[in-house]
1. So who's got an amide H within less than 5 Å of the one on Arg31, skipping anything under 5 residues away but keeping other chains? H placed 1.01 Å off N, in plane.
2. Run the simple label-point estimate for Glu78 and Ala15 please: 7 Å along Cα→C-beta, distance reported in nm.
3. For the stretch 129-137, take each phi angle, set θ = phi - 60°, evaluate the Karplus expression 6.51 cos²θ - 1.76 cosθ + 1.60, and give the result in whole Hz per residue in order, putting x for glycine and proline.
4. Could you work out the Rg to Rh ratio of the stretch 21-160, with Rh taken as the Kirkwood radius (inverse of the mean 1/r over all Cα pairs)?
5. Summing Lys, Arg as +1 and Asp, Glu as -1, what charge do residues with Cβ under 15 Å from the Cβ of Glu81 carry, Glu81 excluded?
6. Give the calculated FRET efficiency between Ala157 and Arg115 to the nearest 0.05, with a Förster radius of 35 Å applied to their Cβ-Cβ distance.
7. With a ≥ b ≥ c the root eigenvalues of the C-alpha gyration tensor of the stretch 23-85, is it rounded (a/c under 1.5), prolate (a/b larger than b/c) or oblate?
8. Taking amide hydrogens as modeled 1.01 Å from N in the peptide plane, which residues meet the under 5 Å criterion relative to Arg69, leaving out close sequence neighbours?
Amino acid sequence: MASVEAGPLAIRTIATPIGDLTVVASERGVREVRWGRESGDATRAEAAAIEHVDRAVNQLDEYFHGERREFDLALDLEGTEFQRLVWSELARIPFGATNTYGAIAGEVGRPAAARAVGAATGRNPAPVIVPCHRVVGASGSLTGFAGGLDTKRALLAHEATVAGTGREGRLPGF
C-alpha cells in the first residue's frame, strides 16, 4: 500500500485510569493512540488534524467515564490491506463483548489465519478506539496486549460493568 504523505500531525495526551494515552491525528483522522505521554507541536498541524485529535480525546474521556460505548471518529490508520481488514472487524466487536482470533479469521475470510489475525491485532495503531482488548484466546483466556494484561483486564471489566449497570462502571480513580 502506498502511503500518502500527511501534513503535520496533531498530538495530544489524555490522563486515563489505565495511564496516559497520546492521540495522534492527521488531517484525515486519528492515526494512532500511543501508550504514555508525548508532546508535540500542534501549532503546525492542520486545523482538521487538531479537530480530529480533540474529538478523539473527548470521546476517550467519555468512554472512561462510562458515558460512551462506541467511537465515532474518522480514522487514518496505516497498515497492510489484511491489517486494515482485521482492524475493521475489531471495531465491530460490541462494547462489553469479546471475540476470538479464530472467529475473526473466519469473519475476514481466512479461517486458518488465527495467528495472522493475532499479529495484525498486535499491530493495531489505535488501541481502545479500535478495541483490540476485546479479542481473547479460543479458550476465553486473556492473551497478549500492548498495554499489558492488567490493562486489558481493566478495560474488559470496565465495559462489562458499564454494559450491565449504566454509568456506574467508571474505572477506579477517574
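The values are calculated or read from the model by the stated rules, or taken from the named source; none is laboratory data. If you're wondering where the values come from, they're calculated on a predicted model, not measured in any experiment. All Cβ positions, even for glycine, are placed from backbone atoms using ideal geometry, and neighbour counts span all protein chains on display. To get the accessible areas, we keep the full protein, side chains included, count just its heavy atoms, and leave off ligands, DNA and RNA. Shrake-Rupley method; radii C 1.70, N 1.55, O 1.52, S 1.80 Å.
1. HN-HN under 5 Å from Arg31: Val24, Ala25, Ser26, Asp76.
2. Here the modelled spin labels are 3.1 nm apart.
3. 5, 9, x, 5, 5, 8, 9, 10, x
4. When Rh is taken as the Kirkwood radius, the ratio is 0.97.
5. +1
6. Step by step, r from the Cβ atoms, then E = 0.80.
7. oblate
8. Under 5 Å from the amide H of Arg69 lies no amide H from a residue far enough along the sequence or on another chain.
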